[in-house]
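**Q** Structure incoming, see below.
The values are calculated or read from the model by the stated rules, or taken from the named source; none is laboratory data. Everything numeric here is computed off the predicted structure, so don't read it as measured data. Cβ atoms come from the backbone with ideal geometry, glycine included; neighbour counts cover every protein chain shown.
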Amino acid sequence: MKLFTRTSVILASAWAVQVGYSHASPTIRNVYTFPRNTFIENIAVQSNGNILVTSLGSPSLFSIDPTVPNPNASIIATFPNATGISGVTEIEPDVFAVVTGVWDQAITRAALGTLAVWTVDFSRGPVPSTKYITGIANSTIFNGIARHPTNPRLLLAADSAAGAVYRVDLGTGLYGVAFSSPLLQPTGTAAEGKHLGINGLKAARSTVYFTNSAQGLFGKVGIDFHGNQVGGIEVLAKSSAAGSDVVYDDFALDLKRGTAWIASHPSYGVGVSLLDGRQTVINDTTKLLNPTSAAFGRGGIRQQKTLYVTNGGQFTPEFDLVNAGVVAVELLF
Ligand SMILES: *[C@@H]1O[C@H](CO)[C@@H](O)[C@H](O)[C@H]1NC(C)=O
Ligand SMILES: *[C@@H]1O[C@H](CO)[C@@H](O)[C@H](O)[C@H]1NC(C)=O
Ligand SMILES: *[C@@H]1O[C@H](CO)[C@@H](O)[C@H](O)[C@H]1NC(C)=O
Ligand SMILES: *[C@@H]1O[C@H](CO)[C@@H](O)[C@H](O)[C@H]1NC(C)=O
């Protein structure tokens, strides 16, 4: 219903012809493929252009230089009491936050009491120092994470099981639910996307943008300085409008062009206009292999126009996971 309302508003406006969706076929190149059974979950990019990648199946944070011909995925930090890492995001220049846990990968949940927030600090050189911020006693999944856009103390985290956005005070380690909503909840407990409600989360200009995988929507909601919800949640796009089998996962925000690029299963990158919800669909069944997240490169113009997408990988008939890794989508605008 919400989508209909928006559509009719847009139809009355100047760019009526743009509503709907279109296809794009940019060049996509492989950057790095991980060994078998390394489910790749999330991505962030350092100021030096190196890509940081997390795996739900490894307690190590990987770094990849995407500008060299055959890059390695070097281990740059390994966390204790964890089997994998979910979210990763920059919280201040050259300092990143990550979420570790003891994960059951089949159901994408961490054992209660094992989730922890750490920071990884590169500001004093290429070998980072890590710092434990806090354990989260009462959540089984922090999925996408983002620093509050104006309050440097606050980390916001998407709880895909509870249907809530948590806030974590990076100074004191205090945490709690900032807000929750039926629009953030999953629709079931089984896999296939139904057990993940709010998944990706990015924040900019007093606004949280998010995907809900189970409900197939991309939306936004206002927040105040403390991360409290301000106003209602607005649905900007539905995955079903991009294609009947499209499942939104995490995403990258391009505020300059007003687009969110959503990594989407099984073979999609979906650009959603933040203005009118118009969708641009990239469909590549050989290069986009269950995409889980995306981030723009940093450095020169070419890097800034490259969308790095993490591939979760594909299951073989023997249920081995293969071809998880990172690909570069040359958007070039
Ligand atoms: C690639 O990275 C892995 C993990 O850090 C390391 O064990 C290996 O030695 C590296 N290989 C090369 C060729 O640098
Ligand atoms: C890891 O777990 C052990 C055993 O429960 C505990 O003693 C230790 O403090 C934990 N380490 C961290 C960094 O949480
Ligand atoms: C988890 O614990 C925090 C801190 O005790 C509390 O504020 C929050 O509401 C709890 N979350 C849930 C979902 O019960
Ligand atoms: C994407 O491509 C695959 C393989 O050609 C096709 O089966 C699928 O229908 C396409 N999806 C969309 C939304 O067009």
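**Q** Considering only the range 223-248, state which residues are in contact (Cβ under 8 Å) with a residue 60 or more places away in the chain and surrounded by 18 or more Cβ atoms within 10 Å (Cβ to Cβ).
**A** Scanning the range 223-248 gives ILE223, GLY227, VAL235, LEU236, ALA237, LYS238, ALA241, ALA242.
**Q** Next question, about the same structure. If you check THR54 against the conditions, is it more than 16 Å from ligand 3 (Cβ to nearest atom), buried (at least 21 other Cβ atoms within 10 Å of the Cβ) and not acidic (Asp, Glu)?
**A** When the stated conditions are applied, THR54 passes them.
**Q** Within the range 188-283, which strands (runs of 3 or more DSSP E) (wholly inside it) include 1 or more residues that are modelled with pLDDT under 95?
**A** none
**Q** Condition first: within 10 Å of VAL31 (Cα to Cα), within 10 Å of ligand 1 (Cβ to nearest atom) and either polar (S, T, N, Q) or free of Cβ contacts under 8 Å to residues at least 60 places away in the same chain (or both). Now tell me which residues in the range 63-72 satisfy that.
**A** ASN70, PRO71, ASN72
**Q** Can you pull out the residues in the range 293-333 that are touching a strand residue (DSSP E or B) at 6+ places or on another chain (Cβ under 7 Å), over 24 Å from LYS256 (Cα atoms) and outside any strand (DSSP E or B)?
**A** Result: GLY312, GLY313, THR316, ASN323, ALA324.
**Q** Which of the residues spanning the range 124-150 are in contact with a strand residue (DSSP E or B) (Cβ under 6 Å, 6 or more places away or on another chain) and in a loop (DSSP other than H, G, I, E, B)?
**A** PRO128, SER139, THR140, ILE141, PHE142, ASN143, GLY144, HIS148, PRO149
**Q** Right, something else. Please verify whether the range 189-204 includes one or more residues that are surrounded by 17 or more Cβ atoms within 10 Å (Cβ to Cβ), β-branched (Val, Ile, Thr), farther than 24 Å from VAL95 by Cβ and away from ligand 1 (no atom under 16 Å from the Cβ).
**A** Among the residues of the range 189-204, at least one is surrounded by 17 or more Cβ atoms within 10 Å (Cβ to Cβ), β-branched (Val, Ile, Thr), farther than 24 Å from VAL95 by Cβ and away from ligand 1 (no atom under 16 Å from the Cβ), which makes the answer yes.
**Q** Output the number of the condition that ILE91 fails; it satisfies all remaining conditions of (1) within 14 Å of ligand 2 (Cβ to nearest atom); (2) among the hydrophobic types (A, V, I, L, M, F, W, C); (3) under 14 Å from ASP169 (Cα atoms).
**A** (1)
**Q** Something else about it: Pull out all pairs, ordered by first then second residue, where Cβ-Cβ is under 8 Å, the residues are six or more apart or on different chains, the first lies in the range 253-278 and is within 13 Å of LEU307 (Cβ to Cβ), and the second is small (Gly, Ala, Ser) and surrounded by fewer than 21 Cβ atoms within 10 Å (Cβ to Cβ).
**A** These pairs meet every condition: LEU253/ALA204; THR259/SER273; TYR268/GLY243; GLY271/ALA24.
**Q** Against the conditions (1) out of contact with any helix residue (DSSP H, G or I) (no Cβ under 9 Å at 6 or more places or on another chain); (2) surrounded by 17 or more Cβ atoms within 10 Å (Cβ to Cβ); (3) on the phi < 0 side of the Ramachandran plot, where does GLN215 fall short? Just the number, please.
**A** For GLN215, the failing item is (1).
Residue by residue, here is whether (1) within 16 Å of ligand 3 (Cβ to nearest atom); (2) crowded, with 24+ Cβ neighbours inside 10 Å; (3) closer than 24 Å to ASN48 by Cα holds:
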{"residue": "PRO126", "(1), (2), (3)": "no, no, yes"}
{"residue": "ALA137", "(1), (2), (3)": "yes, no, no"}
{"residue": "THR140", "(1), (2), (3)": "yes, no, no"}
{"residue": "ASN143", "(1), (2), (3)": "yes, yes, no"}
{"residue": "HIS148", "(1), (2), (3)": "no, no, yes"}
{"residue": "LEU155", "(1), (2), (3)": "yes, yes, yes"}
{"residue": "SER160", "(1), (2), (3)": "yes, yes, no"}
{"residue": "VAL165", "(1), (2), (3)": "yes, yes, no"}
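**Q** Let me ask you something else. Could you list all residues from the range 279-331 that are over 18 Å from VAL68 (Cα atoms), within 16 Å of ligand 4 (Cβ to nearest atom), touching a Leu at 6+ places or on another chain (Cβ under 9 Å) and in contact (Cβ under 8 Å) with a residue 60 or more places away in the chain?
**A** Matches in the range 279-331: ILE282, ASN311.
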